Every structure is written in structure tokens, then in C-alpha cells.
Amino acid sequence: MTAPHPIVPLITSLREHDLLSLGALSRQDVETLFATAAALKKDVKPYRNALDGRSVAMLFEKPSLRTRVSFEVGIHRLGGHAVYLDHSEQRLGERETIADYGHNLERWVDAIVARVYKQTILAGLSDASRVPVINALSDLHHPCQALADYLTLREKFPKRAWNDIRLAYVGDGNNVCHSLVELGAILGVHVTVLTPPGRNPSTPIMKQCAAFAAKSGSTIKVSHDLSDIAGHDAVYTDVWVSMGQGRETDRIRELFKPFQVNANLMGLASRGLSGGQRSLFMHCLPAHRGSEVTDEVIDAAESVVFDQAENRMHAQMALLVHMLCG
Ligand code: CP
Ligand code: NVA
């Protein structure tokens, strides 16, 4: 008989709960989740049957490489089964109501992973189904990405307190940025957001982050002044135009060009770090090389983008274990 998987303690805010954003998690919850992810990464064997007999529906309105593969492979490694539902042609709510869709799914599967255009669709799915719904990217949040990102920072700075880590996000103030700031504020990381004028993160989300930051000792700063990038342990960027928001026009290129993460900006970010430390480079991917980041930066030794991509799987496996087991 296989020994029971060692999940101690269970995270009650995750057990059978949705993950539409990260706001319900405490710092301790995230630490516990990262400990599980680290254990899974080291040796998956004790967890091989954690999702035995469990099925997860994975519905995607938008394209994906990392999210789809990391969830599917992760679920398989835990002994569960993933069902992919392609909604690229037919958006949710078109063939039948979101409520009917959710009421069907809850009869068959144990969790729903959903990549959607609108956060409100996730809320509708959550209302309609008893099983947990995991946000796999919406217009407002990308919680699974942020979990993998801070897991990566934990690995890169194993001895640092969260309050001793400074992260700069450069680019568009939307989904990836929101989740990055949200989790940073919960953990106590100092986050500087540098956006072009008119591309600030959402005010209500930043207000909520400020409340988390007041509790954790984090500082959150939103600025248009690139000189504020000095002295950050890591620099993070994302595409200039998100999926479903059109294409990279000349106007967009003009607006974002000063915010391109190139060797010069990385040099500025490293300024003031002690002991000759150089800032890490982070990106959720896919990257548009030559736009938001240069080849030189994404291919440099300081780039941790593929560690982030790998950690998507470990963080999500930990998430599913805490959500569905116990
Ligand atoms: N970072 C991320 O979510 O990648 P995909 O769009 O490929 O899933
Ligand atoms: N902001 C990007 C993230 C992709 C993972 C988008 O929404 O397309």
C-alpha cells in the first residue's frame, strides 16, 4: 500500500476553495504552499496518488503553452486526470449559460481550471459549481503565475526575509502585474511598478494591496519615472499588448519603448545592490523579444524565466494537493 502523502498542515483557505485571485491567502498559507511545492519538486513519489480518481476540467478561451502543459503534466504526476476544453472558437456563455455550464461540470469533475477574458466569467463559474475554480489568467489576475514567481524568488534568495527583497515590475499594469503586487504585498516584498502614463494598475486592486502591505511591512510604489528602478533584486516584465487586446501598433511601441528591459535598464536596476549583486530578470512568458525585452537580457545568466516556467508546475501541483486532498 502507498503511504499517505505528507501534507502537513493543510491550508484551510485553499481546501475546496476557489483561487480567483490571491487575496484570501495569508503569508503563512503561501509559505506552507511553497514548502509543499519544494517537497514535490524534490521527490514526487510520496504524492503519486494524491489525486487518484480525481478529474480536473481545464477550459481555455485564449492560447497557452505553460499553463496548459504545466497543469496537465502536474495533474498526471499526481495520479489525476485533466480534461481540456478548447473555448478559443466559442467563448463561455455562447452555447449555453455559464450557470448551466458550471452545473454540468460539477457533476463530473473535482476542480475547474479556467483561462478567460473576463474575471466576471470566473465568478459566474464559481457561483454555478460546488467544485473549486482556479484562475488560469483573466483580464485582472494571474495568480498561478505569481505563485511560481515568488517560489522562484524564494529559491534564488533562500536566506532573505521577504521584507528584504525588492522587485520592480516594468510594463503594462494589468493581470500579471496585479497578481505580482498582490502576492508581494501579502508576503512583505517591496514592489515598484513602472508603467507608461495611462497604463497604471487598477486603483481598486492597488488599494487592496496597500491594505495587505500595511500588514506585512511591504511597500508598493507606482511610478512613471524609470530612475526609480535603481536597487531592485529582480526586474520583471510582460508583453506590451495582452491577449485579446489587439496588436502592437506604432502608437503602443512609442508609448512602451522607454520601458523596454534592455542592458541599460538592468544596469540601472543593479545600481545600489550590495556586493556586486546583479538584478535577476523575470518574465511570465511568452516574450516578444525585441519589444519589452532584448535578447541580451532574456538570454543572460541573470535571467530566471525558465525557472519560473518550471515552477508553474510545482506551485500548481502544491495548490491542487492542498485544495483537493485531506
Ligand atoms: N505565462 C503563461 O501563463 O504562459 P501561457 O500563456 O503559455 O500559459
Ligand atoms: N499579460 C499577458 C500574460 C500572458 C501570460 C496576457 O494577458 O496576454
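The values are calculated or read from the model by the stated rules, or taken from the named source; none is laboratory data. Remember, it's a predicted structure, so these values are computed and weren't measured experimentally. Heads up, the Cβs are rebuilt from the backbone with ideal geometry, glycines too, and the neighbour counts pull from every protein chain shown. Note: areas computed on protein heavy atoms with side chains; ligands, DNA, RNA excluded. Shrake-Rupley method; radii C 1.70, N 1.55, O 1.52, S 1.80 Å.
Simple point charges give the picture: +1 on the Cβ of Lys and Arg, -1 on the Cβ of Asp and Glu, and for the chain a dipole about the Cα centre of about 560 debye. For the range 104-127, the residues whose amide N sits under 18 Å from a probe point set 7 Å from the Cα of His81 along the beta carbon direction are 104-113.
Computed from label points 7 Å out along Cα-Cβ, the spacing between Arg278 and Thr203 is 4.1 nm. Under 29 Å of direct C-alpha separation, and excluding same-chain neighbours fewer than eight residues apart, Lys42 reaches these lysines: Lys156, Lys159. Dipole of the range 174-326 computed with +1 at Lys/Arg Cβ and -1 at Asp/Glu Cβ about the Cα centre; of Leu268, Gln245, Gly217, farthest Cα towards the positive end is Gly217. Summarising the label geometry, the points placed 7 Å from Cα in the beta-carbon direction at Leu285 and Ala301 lie 2.1 nm from one another.
Once both labels are positioned 7 Å from their Cα atoms along Cα-to-Cβ, the gap between Ser242 and Lys221 label points is 2.5 nm. A cut-off under 13 angstrom between Cβ atoms defines the neighbours of His288, and their net charge, with Lys, Arg +1 and Asp, Glu -1, is -1. A 1.4 Å probe over all protein chains sorts His283, His103 by accessible area into His103, His283, starting with the largest. Using a probe of 1.4 angstrom and keeping all protein chains present, the accessible surface of the chain works out to 43 square angstrom per residue.
Annotation: amide H of Ser303 within the under-5 Å range of Phe281, sequence separation 5 or more or interchain, hydrogens built in the peptide plane. In order along the range 280-294, the Karplus-derived 3J(HN,Hα) couplings, from 6.51 cos²θ - 1.76 cosθ + 1.60 at θ = phi - 60°, round to 6, 10, 10, 7, 6, 6, x, 9, 9, 4, x, 9, 6, 9, 8 Hz, and Gly and Pro are given as x. Beta bridges per DSSP, both residues in the range 145-309: antiparallel share near 0 percent. Here the 3J(HN,Hα) profile of the range 156-170, calculated from phi with Karplus coefficients 6.51, -1.76 and 1.60 at θ = phi - 60°, is 6, 10, x, 9, 7, 6, 4, 5, 9, 10, 10, 10, 10, 9, 10 Hz, Gly and Pro shown as x.
Which semi-axes, in whole Å and largest first, does the equivalent ellipsoid of the chain have when worked out from the alpha carbon gyration tensor as the square roots of 5 times its eigenvalues?
Details: eigenvalues 202, 110, 61 Å².
Largest first, the chain gives 32, 23, 17 Å.
Rounded to the nearest Hz, the phi-derived 3J(HN,Hα) couplings of the range 315-321 under the Karplus curve 6.51 cos²θ - 1.76 cosθ + 1.60 (θ = phi - 60°) are 5, 5, 4, 4, 4, 5, 4, where x marks glycine and proline. Each other residue within a Cβ distance under 12 Å of Val181 adds +1 if Lys or Arg and -1 if Asp or Glu, for a net charge of 0. Taking Arg95, Arg271, Arg54 and ordering them by how much accessible surface each has at a 1.4 Å probe, largest first, produces Arg95, Arg271, Arg54.
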